[in-house]
1. Quick check on this structure: which one of A:226, A:197 is surrounded by 19 or more Cβ atoms within 10 Å (Cβ to Cβ) and either more than 22 Å from the chain's Cα centre (by Cα) or not hydroxyl-bearing (Ser, Thr, Tyr) (or both)?
2. May I ask you to list the residues in region A:433-457 that are part of a loop (DSSP other than H, G, I, E, B) and surrounded by fewer than 16 Cβ atoms within 10 Å (Cβ to Cβ)?
3. Going by the conditions given, is residue B:147 at the interface with chain A (Cβ under 7 Å from one of its Cβ atoms) and either buried (at least 24 other Cβ atoms within 10 Å of the Cβ) or not acidic (Asp, Glu) (or both)?
4. Going through region B:320-337 one residue at a time, which ones are more than 10 Å from every other protein chain (Cβ to nearest Cβ), surrounded by fewer than 24 Cβ atoms within 10 Å (Cβ to Cβ) and not acidic (Asp, Glu)?
5. When you scan region B:381-388, do you find a residue that is surrounded by fewer than 24 Cβ atoms within 10 Å (Cβ to Cβ) and in contact with a Cys (Cβ under 9 Å, 6 or more places away or on another chain), even just one?
6. What number of residues in region A:132-186 are without any contact (Cβ under 8 Å) to a residue 40 or more places away in the chain and at positive phi?
7. Got at least one residue in region B:254-261 being part of a strand (DSSP E or B), at pLDDT 95 or above, out of contact with any Cys (no Cβ under 6 Å at 6 or more places or on another chain) and more than 14 Å from residue B:186 (Cα to Cα)?
8. Can you tell me which residue is surrounded by the fewest Cβ atoms within 10 Å (Cβ to Cβ) among those in region B:48-62 that are within 8 Å of another protein chain (Cβ to nearest Cβ) and either among the aromatic types (Phe, Trp, Tyr) or not in a loop (DSSP other than H, G, I, E, B) (or both)?
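The values are calculated or read from the model by the stated rules, or taken from the named source; none is laboratory data. Note that the coordinates shown come from a computational prediction; the quantities given were computed from them, not determined experimentally. Virtual Cβ from ideal backbone geometry, glycine too; neighbours counted across all protein chains shown.
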There are 2 protein chains.
Amino acid sequence: MTERPRHMSPDELRADGQAVLEWVARYWERVHEFPVLSPARPGDVRRALPPTPPEVGESIATILADLDAVIVPGLTHWQSPNFFAYFPANASGPAILGDLVSAGLGVQGMLWATSPACTELETHVLDWLADLLALPPAFRSDAAGGGVIQDTASSATLCALLAARERATDGAANERGVDRPLTVYASTEAHSLVDKAVGIAGLGRRQLRRVPVDEVFAMRPEALDAAIEEDQAAGRTPCCVIATVGTTSSTAIDPVRAIGEVCRRRGVWLHVDAALAGNAAVCPEFRPLHDGLELADSYCVNPHKWLLTNFDCDCFYVADRSALIRALSVLPEYLRNRATESGAVLDYRDWQVPLGRRFRALKLWFVIRWYGAEGLRRHIRHHVALAREFAAWVEAEPRLVRAAPSPLNLVCFRHRAGDGASQHLLDALNGSGAVYLTHTRLANRLVLRMAIGGTLTARTHVEGAWRRMQACLDRIG
Amino acid sequence: MTERPRHMSPDELRADGQAVLEWVARYWERVHEFPVLSPARPGDVRRALPPTPPEVGESIATILADLDAVIVPGLTHWQSPNFFAYFPANASGPAILGDLVSAGLGVQGMLWATSPACTELETHVLDWLADLLALPPAFRSDAAGGGVIQDTASSATLCALLAARERATDGAANERGVDRPLTVYASTEAHSLVDKAVGIAGLGRRQLRRVPVDEVFAMRPEALDAAIEEDQAAGRTPCCVIATVGTTSSTAIDPVRAIGEVCRRRGVWLHVDAALAGNAAVCPEFRPLHDGLELADSYCVNPHKWLLTNFDCDCFYVADRSALIRALSVLPEYLRNRATESGAVLDYRDWQVPLGRRFRALKLWFVIRWYGAEGLRRHIRHHVALAREFAAWVEAEPRLVRAAPSPLNLVCFRHRAGDGASQHLLDALNGSGAVYLTHTRLANRLVLRMAIGGTLTARTHVEGAWRRMQACLDRIG
């Protein structure tokens with residue numbers, strides 16, 4: 001007879017869980033004290049870990065001690081109020097607790113039938129979010145469309161591209177392979193995820209046309225129109241346009257209405273990637289960002305960037321779910337069930353690349369309910385106000401130059417003396433450990449990016465970063 | 001001036017967190033009491049939710065009350081000890097707590113530089129798992145290979161296929177598109193995720209050859225060889241073979257060594273999908289399952305199925321990471337950094353479809369450390385012993401027939417009187433709410449699947465299911 005396995009009892013879960021919860025709460029209390037950018041060198045973390053797994057189990061207390069000793073020094077602290085790098089990935093207490101419920105329930109939402117509440121809450125909360133952002137009615141589940149949670153905008157874009165490929169080839173690409181040139185369009189400033197998705201979908205990265213941008217880094221619709229026309233004239237099939245509302249590099253806003261008109265006229269699928277900026281539409285004053293969105297076939301926004309919901313939570317909407325489902329559906333015997341066959345339910349495994357899916361809607365539900373619409377608006381407005389103030393300080397500083405408009409929470413700037421000085425400034429700032437910024441290139445210049453979006457980021461942190469920047473500027477001379 | 005946003009303070013996180021933790025602990029205490037299969041009808045959950053999001057924030061206590069009132073009745077309880085459907089997705093206290101730390105830290109691991117510990121702990125823990133499962137040394141990070149956590153075996157298979165496509169076309173498919181027929185091979189019993197991946201990658205689902213199986217549902221290597229030869233003779237390029245160690249339908253074990261020899265001789269990438277069964281290799285007596293694995297180019301196993309780690313945790317290994325990275329790498333300016341350029345680090349965004357990634361290694365680290373190797377072995381042996389006992393009961397029951405071998409934790413059987421009686425039995429069992437099983441088709445017969453893998457599943461639950469089955473059989477007559 002085999003020995004019975006030992007598992008953590010509910011009472012142990014209570015006691016150990018309280019220790020872990022306390023550890024997390026303490027982390028949030030002291031996260032501002034750590035060097036924002038980890039000072040770890042390659043291999044530091046691994047060298048501190050035992051080379052082989054333990055034969056006998058260890059206590060949660062032991063593991064927590066190693067978290068402090070080994071893991072924390074190797075972290076770059078994305079939740080630090082002094083993290084101004086890349087893009088925000090702001091988490092919050094309600095999101096953390098919603099995710100804890102999801103882990104605790106451990107249900108699978110691949111089909112409606114595998115846990116109906118997992119699917120229905122997701123559909124419902126994505127309709128709520130469509131309300132909060134005032135998205136076009138076509139994206140709601142009570143029309144022909146609907147929303148689904150993906151891990152990232154990369155996956156959402158891939159799914160949009162697969163649905164577009166399905167529509168453009170009437171299903172042939174999925175069945176017979178990509179046996180004719182299908183072309184894709186995005187601006188020169190659009191995220192590299194577009195290249196990756198085009199490669200994965202088998203279209204060939206060379207079939208991606210990078211459309212030129214104007215002086216504020218937004219796609220030129222007339223250049224898009226010309227590029228599509230050229231491909232059509234050459235016998236290629238234009239398949240998908242990806243417009244960006246708020247580029248990663250500089251928050252450039254592609255003109256969705258003009259692009260959408262081109263797409264409608266030319267019969268090309270339009271996907272709008274508003275991963276970061278779309279969240280701002282909880283505030284009516286930022287909804288003009290979405291002007292023309294009713295012309296889009298699909299859209300995504302990431303609450304895991306700027307709406308207090310921890311990663312992963314990309315909300316992907318389609319105006320007509322049938323092309324997406326045709327592109328991704330397979331139905332083996334062991335997944336057949338009466339609910340699916342009745343057609344009365346949504347099965348989200350047909351809306352994404354993976355089959356399995358966890359109960360991610362819970363964290364977004366917790367966030368929307370705990371904050372309420374007014375709390376979410378206040379959160380966005382706070383960061384935008386801080387960014388405007390910071391932008392004004394940059395404007396008034398003769399040694400710095402603004403490098404792009406700042407419609408929301410990102411301020412792009414460079415040193416007037418050139419790329420060398422900009423690089424010095426960036427290195428000096430990040431080397432201090434007190435703040436962390438990253439860079440981009442705009443108009444062939446090295447540019448510093450100040451992305452203001454931490455949950456804990458208050459005026460004092462932005463002021464502190466600015467004071468430090470001035471001290472660095474003084475030292476650079 | 002804008003109003004300052006209100007966030008959950010660390011002290012509120014402590015208090016609300018304790019309430020949520022208590023809710024989760026209580027859920028685990030009473031999960032056996034709920035109907036395993038949710039009785040919800042389509043729309044039940046949504047009808048109980050307010051149509052629009054709240055304007056003003058609500059308390060965590062209010063949300064927890066709705067969890068009980070609205071969500072729980074709509075769940076199918078995958079953590080119930082009486083859940084014998086699909087495949088196990090067993091979670092555990094240590095995994096839940098590791099995931100809580102991940103949510104609390106909220107760091108991004110897309111690049112080594114974005115949080116070094118997130119990458120290094122993952123590489124390290126996947127080497128630990130390679131040790132625990134006695135995987136071939138080529139899959140370890142200190143060789144040319146290494147492991148990475150994906151969400152699912154679907155995504156792992158897609159990544160394997162993209163790496164295979166890269167190697168078979170010397171990069172041309174990624175750059176120029178799939179402009180010649182690339183063929184893929186899997187058994188007739190392999191999971192539908194293969195069709196989906198072949199479609200996504202632009203090869204065309206018709207390029208998937210379903211290789212015949214033998215009487216125990218395992219791929220016939222000589223049929224594979226003939227299929228590859230035929231494609232080569234016709235000028236097509238064989239690209240990838242997907243062997244399954246433990247099919248979803250019946251735990252059929254493809255002969256990896258013989259398949260691997262075919263693949264080596266013919267120069268075709270071999271991916272081995274051991275999503276469920278691979279976990280059993282923590283026990284030396286089950287390692288023959290992996291015989292010949294050193295001939296594979298890639299491999300995946302899902303601790304989120306049967307190694308006590310909550311979803312998502314698919315561990316994907318490659319023997320030569322360079323083809324994978326070439327297939328998936330893109331490097332825009334805003335992701336450039338010195339660590340990446342030094343070549344001294346791994347950047348996991350080049351090992352997966354999405355860019356962003358959360359700190360998933362923590363939960364696997366918590367599980368391996370809390371259980372230790374001996375705890376994991378005991379867990380696997382417990383379920384295998386229960387399945388063997390159940391299989392013996394079925395053997396001794398004249399009204400039932402075993403429908404496939406049971407090498408691990410799944411027992412497949414049918415009613416001797418035919419599909420109608422099997423369907424009646426399944427409906428009667430599931431309608432009771434006391435247990436939940438799902439079905440498959442084997443040799444053109446409807447077959448019931450008893451998958452024994454719940455964390456809480458003890459002998460008493462398997463006995464209870466058996467008693468209920470006998471009562472149902474009596475009623476069917």
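1. On the way: A:226 fails: surrounded by 19 or more Cβ atoms within 10 Å (Cβ to Cβ).
Matching residue, one of A:226, A:197: A:197.
2. Within region A:433-457, the subset part of a loop (DSSP other than H, G, I, E, B) is A:433-435, A:437, A:443-444, A:452-457.
If the condition is that a residue be part of a loop (DSSP other than H, G, I, E, B) and surrounded by fewer than 16 Cβ atoms within 10 Å (Cβ to Cβ), then A:433, A:443, A:444 are the ones that fit.
3. Values: at the interface with chain A (Cβ under 7 Å from one of its Cβ atoms): no; either buried (at least 24 other Cβ atoms within 10 Å of the Cβ) or not acidic (Asp, Glu) (or both): yes.
Against the criterion (at the interface with chain A (Cβ under 7 Å from one of its Cβ atoms) and either buried (at least 24 other Cβ atoms within 10 Å of the Cβ) or not acidic (Asp, Glu) (or both)), residue B:147 does not qualify.
4. Of all residues in region B:320-337, those more than 10 Å from every other protein chain (Cβ to nearest Cβ) come to B:320-326.
When the remaining residues are screened for being surrounded by fewer than 24 Cβ atoms within 10 Å (Cβ to Cβ), the result is B:320-323, B:325-326.
Across region B:320-337, the qualifying residues are B:321, B:322, B:323, B:325, B:326.
5. First pass over region B:381-388, keeping only residues surrounded by fewer than 24 Cβ atoms within 10 Å (Cβ to Cβ): B:381-382, B:384-388.
Narrowing further to those that are in contact with a Cys (Cβ under 9 Å, 6 or more places away or on another chain): B:381, B:384.
Yes, region B:381-388 has at least one match.
6. 2
7. Within region B:254-261, the subset part of a strand (DSSP E or B) is none.
No, region B:254-261 contains no residue that is part of a strand (DSSP E or B), at pLDDT 95 or above, out of contact with any Cys (no Cβ under 6 Å at 6 or more places or on another chain) and more than 14 Å from residue B:186 (Cα to Cα).
8. Within region B:48-62, the match that is surrounded by the fewest Cβ atoms within 10 Å (Cβ to Cβ) is B:62.
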